[in-house]
Amino acid sequence: MSRRDSADGSRDAEERGNDSEERNEGELRTDGSGEVGTNRLGRFLADLRAHPRRAGLYLVLIGLVGFYLAPLETGLLTAFKTQSAFTETSPFVPPSLDGLTIDPWLTAWNRLAYALANSALFAIPATIASATLGSLAAYGLTHIRWRGQVAVMALFLAGVFIPYQAVLVPLTQLWGFIDMTSLLAPIPIVANYVDLVELMITHTAYGIPICTVLFRSYYRSFSEEMLEAARLDGASVFRVYRRIVLPLSKPMFAVAFIFQFTQVWNDLLFALVLITTPSNGVVTIALNQLSGSFVQQYNLQMAGAFLAALPTLLVYVLFTEQFAEGVAGRTT
Amino acid sequence: MTRVTLDSLTKHFDDGGGTVVAVDDVSIDIADGEFIVLVGPSGCGKSTTLRMVAGLETITGGEIRLDDTVVNDRQAKDRNIAMVFQSYALYPHMSVRENMSFGLEESTDLGDTEIGERVENTATMMGIEDLLDRKPGELSGGQQQRVALGRAIVRDPAVFLMDEPLSNLDAKLRAQMRTELQRLQEDLGVTTVYVTHDQTEAMTMGDRIAVLNDGRLQQVGTPLECYHEPANLFVAGFIGEPSMNVFEMRVDGEELVGEEFTYPLSSGTREALGDAREVTLGIRPEDVEVLTGTENGRRDGDRSDDQDRNRDGRHDFRTIVDVVEPVGNGNNVYLAFDGAEAGTEALGEAAGDGSAVEDDERVAMDLEDSDTFVATVSGLRRIEAGEEVYARLPEDAIHVFDAETGEALRNRALDEEETVEPAA
């Protein structure tokens, strides 16, 4: 029997224990009425009757859930309404059959598709690059001894706290110095995406400090003896990283991917500054352009917003399990 | 096959401006195929010494030689040394098979088939062939321990280093693994350096043991040498369980005078002490003979005669049994010198008459104040706390140490047949 199995087993046993406790309470309370809650819902309701304060708590919680989900619900409903249905009905109310449409989604898709592709083109490499470099830097800062480590770590830490706005001017100056256009000119296809390459490099550099800090705290929890054992087994510093540290880093990579991808994908500021060619427009810019100059087409904007948010949701879903492990800090 | 030489090995750690000397001028010659145990209390530098041999710590001074090659500047991965860690240090994401293959893949040019074969063979030898496809997280502590050993053995290294490999096991399993490790080492014949703080492990496993304290080497010798002929007070106190009894004494003519008792010396022993004035008298618990009145005289109803006979013994001392700890095959008897005559009587009264509470308390105080010492007697002997007994400290069993330097001035006498070399 594997450890996971036995852990599950004990958890089951625990749940059973709790259940039987609840059932006992339920029976005590419903003794006179003869109505013994046998299913979960029945027991739950019986529980509520016995503890009015808990019922209050649930009401508050449900209220909070509604409060937080209301904007999402409103947005989603709005995206399925025609312009007239939007003006006639309250935002919370679902549209009538006449007012139901998927046109905003199609229009949004047509106008955003190229930008979604552009965003993916720079956001995915930037995410992977900053996580990988951050992981390597963290490994070098935790498990390899060299002079001046503390000072370098301090620089990384400082990097975490630099706001986007503070680097806008130096950033434009930097890309002014470096003539990316002529550097990339010999490479076909890539030459068309100079702005995106600049954006990718910028985001990678900007993401390294936070990724390093994340990975460093994770690597410090690694057993020193395990890495020493690998060295005694004949592995070089890089082989230890490749065969021991990297495979064990999966949960922290999930954390870094989710965090970094969301940051990069949702960024508008760097994109506004660095993107000059319209064909290189990224999704945040394109989304911004959906707001018309004369008439506000809310349904279109909402559909666009959901389309633009979809990839980040997808990343969350893909890495959720690993993410949870990473946050819990388990190494095995 | 490899000899390991530690030559004036020294290690300093920087500690916020100051330096801490972790290992101080340690020299040990370890023969090919020898099982040597580095033993000492925590912080004595034994692990640091081992880690320097492994190449995990830099060397401040001195040399480490494998055969005749100085390896001070050779990286850990190039020393052909395998180490077993206290935490086992298995790679959690790899199966047992992968854990064991890792070292061969990284340090040799062997092909996959040959690596596979060697792993299988070692696993069979270690009795872990059924676990090869499991992950370390799915193994019990004892199984992980075996895998860690197997991982070291499969590489067929020049030297095994073991850093307290058994201390995470429960007592039963530890005793079992102790024997098994010893047998393995004998079969493989690989030079082994084993670090432990447990003197039982040191005594039972090592061909020789090296006792360290405060970074300094105290003594290197066979377990029995260290036990019977300790070089100094530290070794005497560290090796042996229960510890050797020690008494602070002053040399006064032909006698040792202590707070609790006066110990007459034969001329031979007196000579060995030279001009030392303050000395420490030591005696192993099993060498203390406990003589009770019941045994010798009471049956005849002639107790006073018997007591007189005991008093005649120059090295018999009147004591009161403080605590008796039965350990099965023996009893550890804690004895207190019978300093206060009144106290003893009060104890007798208290035993018979519950009203003498005050006196009873006074006795308790007396017993606590006076230092107790330990004697081990046969487990079948009945001795009760509070009983009055005579402790005989035979002169041929005593050790005398210089109180200032701790150096042994005289060790116990051994009969000719009682050799300290282990039987081959």
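Brief remarks on what is shown
- Here the condition is being modelled with pLDDT under 90, at negative phi, among the hydrophobic types (A, V, I, L, M, F, W, C) and assigned to a loop (DSSP other than H, G, I, E, B); of A:F294, A:F222, it holds for A:F294 alone.
- The range B:1-51: number of residues that are open to solvent by less than 50 Å² (accessible area, probe 1.4 Å) and in a strand (DSSP E or B): 19
- Helices (runs of 4 or more DSSP H) fully within the range B:224-315 counting 1 or more residues that are at pLDDT below 90: B:267-273, B:293-296, B:303-312
- Helices (runs of 4 or more DSSP H) wholly inside the range A:35-126 that include at least 1 residues being at pLDDT 90 or above: A:52-79
- The set of residues from the range A:74-96 being under 21 Å from A:T107 (Cα atoms) and hydrophobic (A, V, I, L, M, F, W, C) comprises A:L76, A:L77, A:A79, A:F80, A:A85, A:F86.
- Some residue of the range B:39-48 being in contact with a Lys or Arg (Cβ under 9 Å, 6 or more places away or on another chain) and within 14 Å of chain A (Cβ to nearest Cβ): yes
- Across the range A:226-283, the number of residues qualifying as open to solvent by 50 Å² or more (accessible area, probe 1.4 Å), within 28 Å of A:L318 (Cα to Cα), away from every other protein chain (no Cβ under 14 Å) and touching a helix residue (DSSP H, G or I) at 6+ places or on another chain (Cβ under 6 Å) comes to 2.
- Selection status of B:L181, of a type outside the set (S, T, Y), outside any helix (DSSP H, G or I), more than 12 Å from chain A (Cβ to nearest Cβ) and out of contact with any strand residue (DSSP E or B) (no Cβ under 7 Å at 6 or more places or on another chain): no
- Of the residues making up the range A:174-200, those that are in contact (Cβ under 8 Å) with a residue 60 or more places away in the chain and within 30 Å of A:L141 (Cβ to Cβ) are A:W175, A:V197, A:E198, A:L199, A:M200.
- Complete set of residues in the range B:151-176 that are buried (at least 19 other Cβ atoms within 10 Å of the Cβ) and either without any contact (Cβ under 8 Å) to a residue 12 or more places away in the chain or within 27 Å of the chain's Cα centre (by Cα) (or both): B:A152, B:I153, B:V159, B:F160, B:L161, B:M162, B:D163, B:E164, B:P165, B:L166
- Residue check for A:T204: open to solvent by 10 Å² or more (accessible area, probe 1.4 Å), out of contact with any strand residue (DSSP E or B) (no Cβ under 7 Å at 6 or more places or on another chain), at negative phi and away from chain B (no Cβ under 14 Å): yes
- Hits in the range B:57-67 - residues which are more than 14 Å from chain A (Cβ to nearest Cβ) and of a type in the set (S, T, Y): B:T60
- Among the candidates B:P223, B:P264, residue that is under 13 Å from the mean Cα position of the chain (by Cα) and more than 14 Å from chain A (Cβ to nearest Cβ): B:P223
- Put simply, of B:V211, B:V193 the only residue that is among the β-branched types (V, I, T), assigned to a strand (DSSP E or B), buried (at least 19 other Cβ atoms within 10 Å of the Cβ) and away from every other protein chain (no Cβ under 14 Å) is B:V211.
- Look at (1) over 23 Å from B:Y91 (Cβ atoms); (2) outside any helix (DSSP H, G or I) and you find that B:D187 fails only one, number (2).
- Test: residue in the range B:127-137 that is open to solvent by 50 Å² or more (accessible area, probe 1.4 Å), touching a residue at least 24 places away in the same chain (Cβ under 8 Å), under 22 Å from A:V240 (Cα atoms) and away from every other protein chain (no Cβ under 13 Å): no
- Search result, residues across the range A:78-97 that are open to solvent by 90 Å² or more (accessible area, probe 1.4 Å) and closer than 14 Å to A:N299 by Cβ: A:T87, A:E88
- Flag if A:T312 is assigned to a helix (DSSP H, G or I), of a type in the set (S, T, Y), surrounded by 14 or more Cβ atoms within 10 Å (Cβ to Cβ) and away from chain B (no Cβ under 14 Å): yes
- Members of the range B:92-111 that are within 12 Å of chain A (Cβ to nearest Cβ) and of a type in the set (S, T, N, Q): B:N99, B:S101, B:S107, B:T108
- Members of the range B:396-418 found to be among the acidic types (D, E) and closer than 27 Å to B:N329 by Cβ, listed by number: B:D396, B:D415, B:E417, B:E418
- Meets criteria (closer than 23 Å to A:R145 by Cα, open to solvent by less than 20 Å² (accessible area, probe 1.4 Å) and at pLDDT below 95) for B:G142: no
- Exclusive hit being within 17 Å of A:T320 (Cα to Cα) and within 26 Å of the chain's Cα centre (by Cα), set A:V273, A:V255, A:V264: A:V255
- Test result for A:Y139, open to solvent by 80 Å² or more (accessible area, probe 1.4 Å) and aromatic (F, W, Y): no
- Restricting B:A89, B:A82, B:A54, B:A76 to residues that are within 13 Å of chain A (Cβ to nearest Cβ), open to solvent by less than 10 Å² (accessible area, probe 1.4 Å) and without any contact (Cβ under 8 Å) to a residue 24 or more places away in the chain narrows the list to B:A76.
- Here B:L169 fulfils each of the conditions (1) part of a helix (DSSP H, G or I); (2) out of contact with any strand residue (DSSP E or B) (no Cβ under 9 Å at 6 or more places or on another chain) apart from (1).
- Filtering the range A:117-136 to residues that are surrounded by fewer than 20 Cβ atoms within 10 Å (Cβ to Cβ) and among the hydrophobic types (A, V, I, L, M, F, W, C) leaves A:A117, A:A120, A:L121, A:I124, A:I128, A:A129, A:L133, A:L136.
- Residue match in the range B:112-120 (condition: open to solvent by 10 Å² or more (accessible area, probe 1.4 Å), within 14 Å of chain A (Cβ to nearest Cβ) and over 21 Å from B:K77 (Cβ atoms)): no
Residue-by-condition table, conditions (1) in contact with a strand residue (DSSP E or B) (Cβ under 9 Å, 6 or more places away or on another chain); (2) under 19 Å from B:R410 (Cβ atoms); (3) of a type outside the set (S, T, N, Q):
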{"residue": "B:Y194", "(1), (2), (3)": "yes, no, yes"}
{"residue": "B:M203", "(1), (2), (3)": "yes, no, yes"}
{"residue": "B:L212", "(1), (2), (3)": "yes, no, yes"}
{"residue": "B:V220", "(1), (2), (3)": "yes, no, yes"}
{"residue": "B:E225", "(1), (2), (3)": "yes, yes, yes"}
{"residue": "B:V235", "(1), (2), (3)": "yes, yes, yes"}
{"residue": "B:A272", "(1), (2), (3)": "yes, yes, yes"}
{"residue": "B:T280", "(1), (2), (3)": "yes, yes, no"}
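The values are calculated or read from the model by the stated rules, or taken from the named source; none is laboratory data. What you see is a predicted model; the values in this text were computed from it and never measured. Cβ coordinates were reconstructed from backbone atoms using ideal geometry, including for glycine residues, and neighbour counts include every protein chain displayed. SASA here: full protein model, heavy atoms, side chains in, ligands and nucleic acids out. Shrake-Rupley method; radii C 1.70, N 1.55, O 1.52, S 1.80 Å.
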